[in-house]
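Structure, as structure tokens:
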Amino acid sequence: MDIVMLSRLQFATATMFHFLFVPLTLGLSVLIAVMETKYARTGDKLYLSMTKFWGKLFLINFVLGIVTGITLEFQFGTNWSRYSAFVGDIFGSLLAIEATAAFFLESTLIGVWIFGWRKLSPKAHAAVMWLVAGASTLSAVWIIIANAWMQHPVGYVLRNGRAELNDFFAVVFQKFAILQFLHTISAAYIISAFFVMGVSAYHILKNQNTDFFSKSFRTALVFGMIFSVFVVFEGDFHASDVSKKQPTKLAAMECLWDTTKRAPVYLFALPDEKNEKNIIEIGAIPGLLSFLAYKDINAEVKGLKDFPRDERPPVFITSIAFKSMVGLGSYFVLITIYGWFIRKRLTENKLFLKIMLFSIPLPYIATELGWVMSEVGRQPWIVYRMMRTSDAVSPLASSQVFVSLIAFILVYGLLGIAGFYLIIKNAKKNPEL
């Protein structure tokens, strides 16, 4: 295996493992802030217990997110030094803002929240949790802006063999970044909602503190339903933007080989990349891709054959990841809407509770698939149509990267075992009422 693939695998391993914890931090911080606000407004001790129970799980998850995220930025210098040298003026500044303006603020505020229970009034303490949620979101904003710039580079000039920033606001406020942020943050909120609903379902099935966990479930259900529906509509806008800015990705997502008017969407397609065709096409809906991409059922959509072979992304991985993500997203909408109608009869619906318990991993899978589609679909570019991934790696021996890749897998594996053990152990505990 060559240095490029090994470096990509190492970064993917670290990033995907780290992203198991980031979304729950983003979403759970908001849910906890809602719970604590209800306590501050009503004085109901049940909401205080809810805040502390879910707060403990939030803190465990937050610490794991920090530990697994530290190595990522170092890899830009170790494995991707040529990339860093070429775009460091832009990419490096965005990461620096994230670390200094968001991450340190978030960490400080969490410290205040942990140690401020007896020193702050209930309203002030709840306000701190809202600030924690805001700082967590701000941190995500800068990371997404950095990634969006790789997907659609703007606000730069090429000078002295480097990309240099010349319009900061163009980078920060470009449409691609805004849509990508909304999609990512919505997915994070869905993860946190399903996590709370799943853990609550476990306790309700055990007939443990049903009032406590029924309220937790209903709070998360509203949160999850709103953002499950929202992400579908936002995803439509995002896909339409992708069709204009990354047409090769769109064609790979839908396994479209020939440029076509009234381009169809296939419910499932199995591509044969060598022979430039689909072996299997199931459930073709004529004109739907044209409408989704250009809001015109008769619009022409460019196929993969209109792009050079060396500029096409891996079609199978991109398409399967996209279709699976969409399928799971549809499931989240249906199951949360159903849950809304039976929300007052949770204890009577054992099958639904079991489904929600076993659904905990599904939003995680959907989110990871979304990132696979986004990143693999951008290939062969590390910065779209500006720098190829093969030109971005450091001049290292393959053996060096292979050893570090194995080390990452082992260390992250141990962290994962310890982290998930702590989360599961504390999730199974009864709250302190």
Every residue from segment 397-419 that is surrounded by 14 or more Cβ atoms within 10 Å (Cβ to Cβ) and farther than 16 Å from Thr71 by Cβ: Ser398, Phe402
All positions within segment 176-202 that are crowded, with 24+ Cβ neighbours inside 10 Å and not hydroxyl-bearing (Ser, Thr, Tyr): Ala187, Ala188, Ile190, Ile191, Ala193, Phe194, Phe195, Val196, Met197, Val199, Ala201
Conditions (1) in contact with a helix residue (DSSP H, G or I) (Cβ under 8 Å, 6 or more places away or on another chain); (2) closer than 30 Å to Ser240 by Cα; (3) not aliphatic (A, V, I, L, M): number failed by Phe173: (1)
Options Met50, Met1, Met16: the member that is part of a helix (DSSP H, G or I) and farther than 19 Å from Ile185 by Cα: Met50
Pick from segment 144-175, criterion buried (at least 20 other Cβ atoms within 10 Å of the Cβ) and among the aromatic types (Phe, Trp, Tyr), ranking: farthest from Glu98 (Cα to Cα): Tyr156
Single residue of segment 343-364 satisfying the filter (surrounded by 13 or more Cβ atoms within 10 Å (Cβ to Cβ) and among the aliphatic types (A, V, I, L, M)) that is farthest from the chain's Cα centre (by Cα): Leu346
Enumeration of residues in segment 53-81 that are among the charged types (D, E, K, R) and surrounded by fewer than 16 Cβ atoms within 10 Å (Cβ to Cβ): Glu73
Residue check, Lys277 in contact (Cβ under 8 Å) with a residue 24 or more places away in the chain and not acidic (Asp, Glu): no
Enumeration of residues in segment 9-33 that are under 17 Å from Ile382 (Cβ atoms) and buried (at least 21 other Cβ atoms within 10 Å of the Cβ): Gln10, Ala14
Filter result for the condition that a residue is of a type in the set (Gly, Ala, Ser) and modelled with pLDDT of 90 or more, over Gly111, Gly116, Gly88: Gly111
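Is it the case that Gly339 is in a helix (DSSP H, G or I), modelled with pLDDT of 90 or more, under 25 Å from Ala263 (Cα atoms) and touching a Gly at 6+ places or on another chain (Cβ under 9 Å)? Don't jump to the end; show me each part of the working.
Values: in a helix (DSSP H, G or I): yes; modelled with pLDDT of 90 or more: yes; under 25 Å from Ala263 (Cα atoms): no; touching a Gly at 6+ places or on another chain (Cβ under 9 Å): yes.
When the stated conditions are applied, Gly339 does not pass them.
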Residue count for segment 300-342, restricted to those that are more than 15 Å from Thr248 (Cα to Cα) and more than 20 Å from the chain's Cα centre (by Cα): 8
Residue list for segment 50-83, restricted to those being polar (S, T, N, Q) and either in contact with a Lys or Arg (Cβ under 8 Å, 6 or more places away or on another chain) or closer than 21 Å to Leu109 by Cβ (or both): Thr51, Asn61, Thr68
Residue, farthest from Ser243 (Cα to Cα), within segment 286-321, restricted to residues that are of a type in the set (Asp, Glu) and in contact (Cβ under 8 Å) with a residue 24 or more places away in the chain: Asp310
Residue selected from segment 375-395 under the condition part of a strand (DSSP E or B) and among the hydrophobic types (A, V, I, L, M, F, W, C), by the criterion surrounded by the fewest Cβ atoms within 10 Å (Cβ to Cβ): Met387
Residue tally, condition under 14 Å from Phe322 (Cα atoms) and basic (Lys, Arg), over segment 230-274: 1
Which numbered condition Leu410 misses (of (1) of a type in the set (A, V, I, L, M); (2) assigned to a helix (DSSP H, G or I); (3) under 26 Å from Ile320 (Cβ atoms)): (3)
Checking Thr367 against (1) in contact with a helix residue (DSSP H, G or I) (Cβ under 9 Å, 6 or more places away or on another chain); (2) farther than 16 Å from Gly329 by Cα; (3) among the polar types (S, T, N, Q), the condition it does not meet: (2)
Those residues of segment 387-424 which are closer than 17 Å to Leu20 by Cβ and not hydrophobic (A, V, I, L, M, F, W, C), in sequence order: Tyr412, Gly413, Gly416, Gly419, Tyr421
Counted residues, segment 340-397 - those being touching a His at 6+ places or on another chain (Cβ under 8 Å) and of a type in the set (A, V, I, L, M): 0
Whichever residue in segment 121-174 is under 25 Å from Phe86 (Cβ atoms) and among the basic types (Lys, Arg) and, among such residues, is nearest to the chain's Cα centre (by Cα): Arg162
Helices (runs of 4 or more DSSP H) wholly inside segment 64-175 that include at least 3 residues being in contact (Cβ under 8 Å) with a residue 40 or more places away in the chain and of a type in the set (Lys, Arg): none
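The values are calculated or read from the model by the stated rules, or taken from the named source; none is laboratory data. Since we're looking at a predicted model, the values are computed, not measured. Virtual Cβ from ideal backbone geometry, glycine too; neighbours counted across all protein chains shown.
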